[in-house]
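The values are calculated or read from the model by the stated rules, or taken from the named source; none is laboratory data. Note that the coordinates shown come from a computational prediction; the quantities given were computed from them, not determined experimentally. Here the Cβ positions follow ideal geometry from the backbone for every residue, glycine too, while neighbour counts run over all protein chains shown. To get the accessible areas, we keep the full protein, side chains included, count just its heavy atoms, and leave off ligands, DNA and RNA. Shrake-Rupley method; radii C 1.70, N 1.55, O 1.52, S 1.80 Å.
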Amino acid sequence: MKAILEGSHAIAEAVRLVKPDVISAYPITPQTHIVERLAEMVAEGELESEYICVESEFSALSACVGASAAGSRVYSATSSQGLLFMAEVCFNAAGMRQPIVMSIANRAVSAPLSIWNDQQDSLCLRDSGWIQLYAEDVQESFDLHILAYKVAEDHRVLLPVFVCFDGFIISHTYEPVDIPDEKEVQAYLPPYDPVNKLDADEPLSMGMYATPEYYMEFRYEMDQAMVRALSVLKQAGKEFKEQFGRDYSELVESYKLEDAEVAIVAMGSICGTIKDAVDEMRSEGKKVGLLKIRAFRPFPAEDVKNALKGIKKIGVFEKNISIGSRMKGAVGYEVKDAIGDSSVQVLSYVAGLGGRDIRILDIKKMTDAIEAGNGDCFFGLREELI
Amino acid sequence: MADRTLELVDCGHRACGGCGPAFAARLILKGAGERSIVCASTGCMEVFSTPYPQTAWKVPWVHSLFQNTAAVASGVEAALKRQGRDEHVLCICGDGATFDIGVLCISGAFERGHNITYICYDNEAYMNTGIQRSGATPFDASTTTSPAGKKSFGNTRPKKDMPQILAAHGAPYVATCSIAYPNDVIKKVERAVNIDGPCYIQIHTPCCTGWGFDGSKTIELGKLAIETGLWVNYEIVNGKVEKAKKVKRKPVEDYLRVQKRFAHLFKPSVNAEEIAKIQAIADANAEKYGIDLKF
Amino acid sequence: MRELRIHGRGGQGSVTAAELIAVAAFKSGVFSQAFPAFGVERRGAPVQAFVRFSDEKIRLRSQVYEPDYVIVQDSTLIKDVNVFSGMKKGGIILINTKGEIHGTIPEGVRFIPIDATRLALDVLGVPITNTTLMGAFAAASGEISLEALEEAVRERFSGSLADKNVAASRAAYDLIKGGA
Amino acid sequence: MALRIGCAAAPGQARENKTGSWRVFRPEFDHDTCTSCGMCQLVCPEGCIRSENNEFNPDYDFCKGCGLCAHECPAKAITMETEEK
């Protein structure tokens with residue numbers, strides 16, 4: 001069914017369709033509309049979940065760990081400071097291999113306080129062991145939530161997933177979205193079948209500590225699961241297409257890259273604006289294209305390399321700042337490493353931090369900078385303030 | 001009725017010989033029974049009982065972090081409710097996890113009214129990391145972060161009144177007990193797990209290593225705490241204090257003198273002034289809970 | 001693709017107006033997108049909201065800088081906010097005003113004044129002008145049908161509140177259609 | 001042995017750790033003096049004292065020799081002896 005919905009409400013609808021047993025979340029801008037809508041669904045009997053109205057993000061994710069350990073499908077959502085407050089639990093949930101799915105309405109981190117969008121929050125949990133997916137629009141945000149459960153709960157993976165979408169830009173935007181019915185979702189997503197579960201009939205100790213004789217192997221297993229997630233994600237994306245018609249079988253998406261001389265690499269909602277900018281620049285005779293990265297963890301290095309083959313000038317749009325790093329942005333390093341060819345120029349552009357609006361003309365300027373070889377810098381600074 | 005022969009904590013755990021908390025773990029599960037799920041915090045008990053893969057727990061047990069046990073238990077309870085299951089959900093945490101770092105999560109869980117029994121094994125300092133003070137450390141106890149010295153008599157603050165804090169959350173049942181009275185521990189745990197709503201039990205668990213006494217005297221120390229009035233066993237049922245254990249009180253020196261953590265009060269000479277302050281704490285307890293036996 | 005920018009004050013329902021216009025446009029068969037200028041504005045502060053209309057999927061996510069349409073919920077805003085900024089030639093600006101406005105309408109832009117406050121007071125009984133202006137926008141722009149707008153309003157409000165808001169939209173729609 | 005996912009383990013495995021090797025003093029049980037009150041079994045922090053036909057004995061595989069049983073025995077039927085190595 002096609003409907004026009006606010007991004008947050010569409011995501012809440014996706015959550016309703018996957019029927020989590022337990023929802024535990026703490027409100028934070030710009031994630032609030034999601035959890036308010038879910039609370040409303042529970043109150044109205046539209047969703048039969050235990051909704052734990054916790055006192056903090058720290059407890060939100062902790063309760064998810066408990067509920068997941070007890071064998072339930074669980075859901076949470078957060079942003080920015082909330083995610084940072086959860087950071088310790090994030091590492092723990094992944095190490096305990098709990099297939100929790102959490103929405104991240106991407107938002108800048110303090111200080112200065114900013115409620116507006118960038119991707120610093122999820123990217124700084126890069127190494128926490130969570131799968132990280134980034135959505136471009138409301139439809140993709142909706143779809144990736146359903147796909148996320150299938151991948152997280154796959155016994156070859158058993159890792160938690162962040163479904164990231166830009167705060168406000170996606171969460172607060174109304175746009176048309178295709179919503180499948182419950183039967184279709186059930187046909188795609190089997191019930192959760194836990195490998196380990198707290199159960200008095202079959203006692204088990206979970207989350208034990210590991211001495212130096214064991215610790216490394218557990219971390220190795222996590223990394224292996226993340227490596228396996230690459231193909232499980234693609235398979236789940238392929239099956240998604242078969243069930244719902246929308247194709248997520250690739251972890252990267254090329255836009256007009258075939259004959260491109262310049263490529264912009266980006267994640268999230270900015271990809272839409274970049275596509276429009278690419279069209280304009282193409283009509284002006286500029287051979288430019290976009291590589292959209294949908295999965296940041298696991299990082300689809302091979303796919304990135306193949307998609308960008310033959311392109312000599314690559315610029316990475318970074319909605320994050322790795323303060324003190326040479327390239328400045330965290331994604332650029334991954335792309336540069338994936339390409340692995342020093343004759344190819346890969347530059348980072350830190351842009352759109354803290355909700356700074358990005359227009360088509362900004363993307364054009366950035367493309368000029370990529371062509372000129374000026375990068376690894378902040379882009380779009382107000383020079384008069386510096 | 002609790003099966004007192006039930007052994008749900010296995011041999012082979014790595015607690016110190018004479019460990020109060022290890023004894024407490026056995027008693028707790030005798031009271032709670034095998035249909036229990038234990039949520040543990042990081043701490044001494046977690047470390048001595050679960051180095052991978054040698055778990056000592058015969059009931060389902062889960063550890064996540066130091067400070068989130070009450071929140072983890074909230075999630076376990078919610079999941080059981082949704083699945084229509086009936087196991088008792090227990091938290092077993094030390095005083096560091098309970099009095100200090102975990103207060104946010106505990107307060108949240110109790111305010112929300114989850115059907116959990118939160119048990120604090122109170123050995124009055126952070127023993128896992130080497131005897132640092134906690135909010136449960138008694139006045140004048142010397143710990144590695146509240147050491148007695150030329151200008152210090154040890155910990156400068158009295159114990160936080162955690163049972164009252166949780167009673168104030170509306171907990172239907174709050175109790176204190178001591179491993180020195182094992183049957184009382186079993187009885188109170190059994191009572192708590194069968195009450196709907198968040199219950200709190202604080203068990204005094206002398207720690208031979210942290211307090212500085214011989215491991216054979218763990219129970220003797222627990223008894224002395226009660227007999228001097230420095231620890232009181234009582235219940236708070238729906239906000240009202242009940243059944244405080246009455247004693248013929250001994251002077252606090254009897255308890256202090258046998259522990260290294262109070263040794264500075266007796267060396268080089270008896271510090272009557274400081275001991276009087278501790279005696280005053282015991283006297284206030286006696287007055288507050290009415291524990292003095294009348295002859 | 002056509003773009004609409006709505007200027008209002010916090011509490012006047014500008015964001016709701018943008019949403020309902022987008023819903024109505026969707027019901028009229030086009031791809032629409034609505035979003036607020038995300039802020040922390042409290043009641044009374046100047047706010048903006050945006051709507052895009054297109055026959056194809058809308059990918060652009062920036063704010064609206066060169067609108068085809070502008071709605072101004074409160075003519076007092078014109079003193080503080082450049083409501084005309086970037087307006088396209090051939091564009092339409094709808095301003096809630098009793099008469100004269102401060103500032104100059106850009107060349108090539110069609111200015112439609114409407115006393116939406118009066119209309120809202122008459123029909124709704126309260127000076128909340130968003131549904132009135134939505135009706136006027138439907139009439140002036142042709143982007144959304146009155147029927148689709150009514151449907152959108154009825155999905156958002158219920159009972160007599162819906163009836164009143166539908167009536168307010170319709171009154172403004174008729175006024176503009178009649179005057180055009 | 002393959003690792004169990006998420007650092008999980010089934011019960012029973014602590015028994016692989018024979019803590020009896022920690023012992024310096026060894027409790028000797030005098031069954032003639034013993035009144036079979038069960039105090040030793042109740043208070044043992046290891047939970048390693050077993051009774052068979054009302055005769056109580058520690059499992060020396062696990063007994064750490066803390067002496068709590070001896071200290072608490074009302075009949076003074078347990079004595080702590082130096083562990084002979």
PRE zone check, label point 7 Å out along Cα-to-Cβ of D:E81, amide N under 20 Å, scope the stretch B:1-45, hits none
For the stretch A:367-386 and the stretch D:47-73, write down the distance between their C-alpha centroids in whole Å. 76
Can you say what percent of the DSSP beta bridges in the stretch A:2-244, counting only those with both residues inside, are antiparallel? Round to 5. 20
For chain C, with all protein chains present and a 1.4 Å probe, just round the carbon and sulfur fraction of the accessible area to a whole percent. 49
Write out the trypsin sites (Lys or Arg not before Pro) in the stretch B:137-189 meeting two conditions: DSSP loop, and at most 15 other Cβ atoms within 10 Å of their Cβ. B:K150, B:K151
Gaussian network model of chain B, springs between alpha carbon atoms under 10 Å - residue of B:L265, B:L80, B:L230 with greatest fluctuation: B:L80
Pairwise label distance in nanometres, B:Q83 with A:Q224, each label 7 Å out on the Cα-Cβ vector: 2.6
Hey, how many Å between the Cα centroid of the stretch B:210-226 and the Cα centroid of the stretch B:256-295? 15
Acute angle (nearest 10 degrees) that the helix B:69-83 long axis makes with the longest principal axis of chain B, alpha-carbon atoms: 20
Using protein chains only (no ligands, no nucleic acids) and a 1.4 Å probe, work out which residues of the stretch A:67-82 have their accessible area cut by at least 20 Å² relative to the chain alone. A:A70, A:S72
Once a ≥ b ≥ c are taken as the square roots of the eigenvalues of the Cα gyration tensor of chain C, is the result rounded (a/c under 1.5), prolate (a/b larger than b/c) or oblate (a/b not larger than b/c)? rounded
Just to confirm, what accessible area per residue do you get for the stretch C:129-180 at 1.4 Å probe, in whole Å²? 41
Rounded accessible area per residue of chain A, 1.4 Å, Å²: 35
Skip the ligands, DNA and RNA, and give the accessible area per residue of chain B with a 1.4 Å probe, whole Å². 35
What distance in nm separates the simple spin-label points at A:E213 and B:D283, each placed 7 Å from Cα in the Cβ direction? 5.6
Ignoring ligands and nucleic acids, what accessible area does B:H169 show with a 1.4 Å probe (Å², nearest 10)? 60
In the neighborhood of B:M1, defined by Cβ-to-Cβ distances under 12 Å, what is the net charge if each Lys or Arg adds +1 and each Asp or Glu adds -1? +2
Return the value, in Å² to the nearest 100, of accessible area buried between chains A and B (probe 1.4 Å, both sides summed). 3200
On the formula 1/(1 + (r/R0)^6), with r taken between the Cβ atoms of C:E41 and C:D122 and R0 of 25 Å, the FRET efficiency rounded to 0.05 is 0.30
Report the FRET efficiency, 1/(1 + (r/R0)^6), for A:E202 and C:E66, where r is their Cβ-Cβ distance and R0 is 41 Å, rounded to 0.05. 0.05
Would you tell me the accessible area of C:V47, worked out with a 1.4 angstrom probe on the heavy atoms of the protein chains, in Å² to the nearest 10? 30
How much of the DSSP beta bridge set in the protein assembly as shown is antiparallel, as a percent to the nearest 5? 35
With helices defined as uninterrupted DSSP H runs, which ones in chain A have an alpha carbon span along their own long axis of at least 27 Å and mean Kyte-Doolittle hydropathy of at least -1.0? A:215-244
How much accessible surface does A:F299 have with a 1.4 Å probe, in Å² rounded to 10? 30
Counting only protein heavy atoms and rolling a 1.4 Å probe, how much accessible area do D and B lose on contact, total for both sides, in Å² to 100? 2500
Counting DSSP beta bridges with both ends in chain B, the antiparallel % (nearest 5): 30
Centroid-to-centroid separation of the stretch B:40-94 and the stretch A:1-16 [C-alpha atoms, Å]: 36
Residue-averaged 222 nm ellipticity for chain A, from DSSP H runs of 4+ at -39500 (n - 2.57), nearest 500: -12000 deg cm²/dmol
Please tell me the relative contact order of chain A in percent, rounded to the nearest whole number, where contacts are Cα pairs under 8 Å and at least six residues apart. 15
Shape category assigned to the stretch A:158-224 from the gyration tensor of Cα positions, a/c cut at 1.5: oblate
With R₀ set to 51 angstrom, the calculated FRET efficiency between the beta-carbons of B:R257 and A:V195, to the nearest 0.05, is 0.40
Two-decimal Rg to Rh for chain B - Kirkwood Rh, Cα set: 0.96
What ranking of B:L104, A:L144 comes out by heavy-atom accessible area, probe 1.4 Å, highest first? B:L104, A:L144
Accessible carbon and sulfur surface of the stretch A:252-385 relative to its total accessible area, %, 1.4 Å: 48
Within the stretch B:1-88, list the GluC sites (Glu not before Pro) lying in a DSSP loop whose Cβ has at most 11 other Cβ atoms in a 10 Å radius. none
Can you tell me the relative contact order of the stretch A:252-385? Whole percent, Cα pairs under 8 Å, sequence separation 6 or more. 26
Once both labels are modelled 7 Å past Cα along the beta-carbon direction, what's the B:A276-A:E48 spacing in nm? 6.9
Mind checking C:57-70 for the average number of partner chain beta-carbons within 10 Å of each residue's beta-carbon? 5
Using only atoms on other chains, find how many Cβ atoms lie within 10 Å of each Cβ of peptide B:43-51 and report the average. 3
So how much accessible surface do D and A hide from each other in total, probe 1.4 Å, in square angstrom to the nearest 100? 1200
Overall form of the stretch A:2-244 per C-alpha gyration tensor (a/c, 1.5; a/b vs b/c): rounded
Tell me, in nm to one decimal, what length is gained between A:E284 and A:I386 on full extension, where the rule is 0.36 nm per residue of separation less the Cα-Cα distance? 33.4 nm
Output field shielding_mean for D:64-75 (other chain Cβ, 10 Å radius) holds 5
Out of A:R107, A:R356, A:R73, any idea which swings most in a Gaussian network model of chain A, alpha carbons joined below 10 Å? A:R356
Buried by partner chains in the stretch D:1-20 (accessible area down by at least 50 Å² vs chain alone, 1.4 Å probe, heavy atoms, protein only) are D:L3, D:R4, D:I5, D:G6, D:C7, D:A9, D:P11, D:A14, D:N17
